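First comes the structure, then the notes that go with it.
Read-outs throughout are calculated quantities, based only on the coordinates presented, and are distinct from any laboratory measurement. The model shown is predicted, which means the values in this text are computed figures rather than measured ones. As a convention, Cβ positions derive from the backbone with ideal geometry for all residues, glycine included, and neighbour counts pool all protein chains shown.
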Amino acid sequence: MSRLSQTFHIGGLEIAALSDGAPDRALGGFFQGVDVAEWTQALGISRPEEPVPFNFGTFLVRGDSHTTLIDSGLGAPGKGMGVAGGGELMVRLAELRVKPADVDTIVHTHLHLDHCGWDVDPAKGNSPTFPNARVYVSSTELDYWLDPSPEAEKRGAGARLTMTPLKAAGLLQPFDGEFAVSRSLTMIPTPGHTPGHCSVMLTSQGEHLVILGDAAHHPAHLEHHSWIPGVDVDRAASERSRAKIAALAVEKNAVITGGHFPILTLGRLRKTESGYRWESF
């Protein structure tokens, strides 16, 4: 099975999990607030420095009269990372016979650069890579990264690089709260990793898929909500959001995946007496 591209279906939707870089990476920074021995055992490794499969992923959704990209990967800088598939999202799309102009919708879970890197093309003066796509981002997320105050200038450099050309081109579509982008796709606020972070719910023919964004970096996070990634800006909100999205996934009997899960990682959560259990399939 390829670590760079796999396709699956939810109802009448075709979803392609696409990698913009698939390294093996040590994940110690993502498991704080827990003894090392506990989280390494959960990941099946013997020491925290041991690398495990990781992914900088995106998802292409078709089948509902739209061609939708969920996050856009590392972008051109990924080509210099020296990892399998680094910065090759355009190649993955071409393999599916999808041209940049075919994409009509982009939704962003958040604005860390490894999730919005291909929104602009540096080879074309940082013009929009997907010229016909409306780009949906939480207003809270935009406000946080694009804050004009001097102390925020450095923090928001990556978001400015990608969002400013989209705004100038009239492609940027801010939204507030839970928001239905289409009849198939709803943005679910799951703040904590960033202030405006959202997860994505896809619905078709009575079936559901939750795409977590960075609400979880590994399936173990869905069983252990208090294991906090060090990159989360609000740890309490991060934990609450994992609880929220876990409960929703169980309620809907949803398939679950995430952009940083290796391709292809799919599973469901089951409620237990003590919490939740992840079941891969």
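Could you tell me whether the stretch 98-112 includes any residue that is more than 21 Å from LEU13 (Cα to Cα), surrounded by 14 or more Cβ atoms within 10 Å (Cβ to Cβ) and of a type in the set (Val, Ile, Thr)? No, because not a single residue in the stretch 98-112 is more than 21 Å from LEU13 (Cα to Cα), surrounded by 14 or more Cβ atoms within 10 Å (Cβ to Cβ) and of a type in the set (Val, Ile, Thr). Residues that are in contact with an Asp or Glu (Cβ under 7 Å, 6 or more places away or on another chain) and closer than 29 Å to GLY12 by Cα occur in the stretch 165-182; there is at least one. Exactly one residue out of TRP118, TRP145 is in contact with a Leu (Cβ under 6 Å, 6 or more places away or on another chain), surrounded by 15 or more Cβ atoms within 10 Å (Cβ to Cβ) and more than 22 Å from LEU18 (Cβ to Cβ): that is TRP145.
Here is the figure for the stretch 11-27: residues that are in contact with a Gly (Cβ under 9 Å, 6 or more places away or on another chain) and on the phi < 0 side of the Ramachandran plot total 10. Of all residues in the stretch 4-20, which are within 16 Å of the chain's Cα centre (by Cα) and more than 17 Å from ALA94 (Cβ to Cβ)? Residue satisfying the conditions is ILE15 alone. The single residue among ALA249, ALA236, ALA216, ALA180 that is of a type in the set (Gly, Ala, Ser), closer than 28 Å to GLY156 by Cβ and crowded, with 22+ Cβ neighbours inside 10 Å turns out to be ALA216.
Taken over the stretch 25-40, the residue count meeting the criterion of being surrounded by 12 or more Cβ atoms within 10 Å (Cβ to Cβ) and assigned to a helix (DSSP H, G or I) is 6. Residue-level check: of (1) over 19 Å from the mean Cα position of the chain (by Cα); (2) in a loop (DSSP other than H, G, I, E, B), ARG277 misses just (2).
The strands (runs of 3 or more DSSP E) found wholly in the stretch 149-257 and carrying at least 2 residues that are over 15 Å from the mean Cα position of the chain (by Cα) occupy 172-175, 198-204, 207-211. Among residues that are surrounded by fewer than 17 Cβ atoms within 10 Å (Cβ to Cβ) and basic (Lys, Arg), LYS271 is included.
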